[in-house]
Amino acid sequence: MSEADAKKVIDEYRKDSNAKWARSPTSKLMAVRLDLRKIDNVAVDRRRYHEWSIRELDDGARLVHAWFDEGRLAAIRVEGTATPDSFVRKASDAYGSPPGSANFEFFDERTMISQSRHVAFWRGGDVTALVWTSASKPTLLLWSNDAMEEHAKRVQAALDSSAVATSKAAQAIDTGTKF
C-alpha cells in the first residue's frame, strides 16, 4: 500500500478531525528477528524509510506510527490506551486465534539498553503482529512479513559485520603482540 493509500485508510479511524499526520525528523524502526526472539530499535536510512505519526487516532490509540519502505507500507506501531489484557483480547479477536507467547530481548541502539519483555504474537501469511507492555501501556507492532524479514537480514548483516571487524582487530592485536 502506498503512503497516501495507507494514510487514507488510517484516517478513517480518526475521532478528532484536527489530528494531523507528522513526519518524523529522525527515523528508528524496530527490527524483529522472530527466530532469535529479539527486537532491536535501530536507526534507518531516511532516504529509504519514511516515518509518519498521528496522535489520538481513536479511543484505543494514543499514538500511531507508520513506516514506509521506498513508498510502500512496511510497518505500523500503535501505542494503546486500553489495559494490556483487553488489548491482547481485542487483537486475538481480530486475528481469529490466541497468540503465541514468548519472552523477547528488546534493545535500543540509542540508549544501549536491553530489556526482556513478554510478547504475544500472531504470524499470518502476510503480516506478523506483536503486542507487549511498556510503562503500563500496550503496544501493537504490525509488520509486512516480506519487509520484516528483509529489514531483519540487513540489521543482522550490520551486526555480523561489526562482530567480524572486532574479531579481526582482536586477532591483529594478538598476532602483533607475539614475540
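The values are calculated or read from the model by the stated rules, or taken from the named source; none is laboratory data. Because the structure is a prediction, the values reported are computed rather than measured. Every residue, glycine as well, gets a Cβ built from its backbone with ideal geometry; the counts of neighbours run over all protein chains shown. What goes into the accessible areas is simple: the full protein's heavy atoms, side chains included, and nothing from ligands, DNA or RNA. Shrake-Rupley method; radii C 1.70, N 1.55, O 1.52, S 1.80 Å.
Points worth noting:
- Inter-label distance, nm, simple model (7 Å from Cα along the C-beta direction), Asp5/Asp146: 1.2 nm
- For the chain, radius of gyration divided by Kirkwood radius, i.e. Rg to Rh on alpha-carbons: 1.05
- Difference of contour (0.36 nm per residue) and Cα-Cα distance, Lys20 to His118: 32.0 nm
- Accessible carbon and sulfur surface of the chain relative to its total accessible area, %, 1.4 Å: 53 percent
- For region 28-67: rounded, prolate or oblate by the Cα gyration tensor [a/c cutoff 1.5]: oblate
- Unsatisfied cross-links (Cα-Cα over 28 Å) in the set Lys8/Lys28; Lys15/Lys38; Lys20/Lys90: Lys15/Lys38
- Derived from the Cα gyration tensor, the three semi-axes of the equivalent ellipsoid of region 1-78 are 23, 15, 11 Å, largest first.
- Calculated [θ] (222 nm, deg cm²/dmol) that DSSP helices of n ≥ 4 give over the chain, each run adding -39,500 (n - 2.57): -10000 deg cm²/dmol
- Surface exposure of the chain, expressed per residue as accessible area with a 1.4 Å probe, stands at 59 Å².
- Counting every pair of alpha carbons in region 89-156, the share spaced more than 17 Å apart comes to 50 percent.
- Per residue, the convex hull around the alpha carbon atoms of region 26-123 comes to 125 Å³.
- Relative contact order (%) - criterion: Cα under 8 Å, at least six apart; region: region 24-145: 21 percent
- Taking the Cα atoms of region 75-127, the ratio Rg/Rh between the radius of gyration and the Kirkwood radius comes to 1.01.
- Amide H partners (placed H, <5 Å) of Phe106, local residues excluded: Ile39, Gln115, Ser116, Arg117
- Cβ-Cβ distance of Lys137 and Asp58, R₀ of 22 Å, FRET efficiency by 1/(1 + (r/R0)^6): the value works out to about 0.90.
- Amide H within-cut-off set for Ser27, under 5 Å, with H built and near neighbours excluded: Val44
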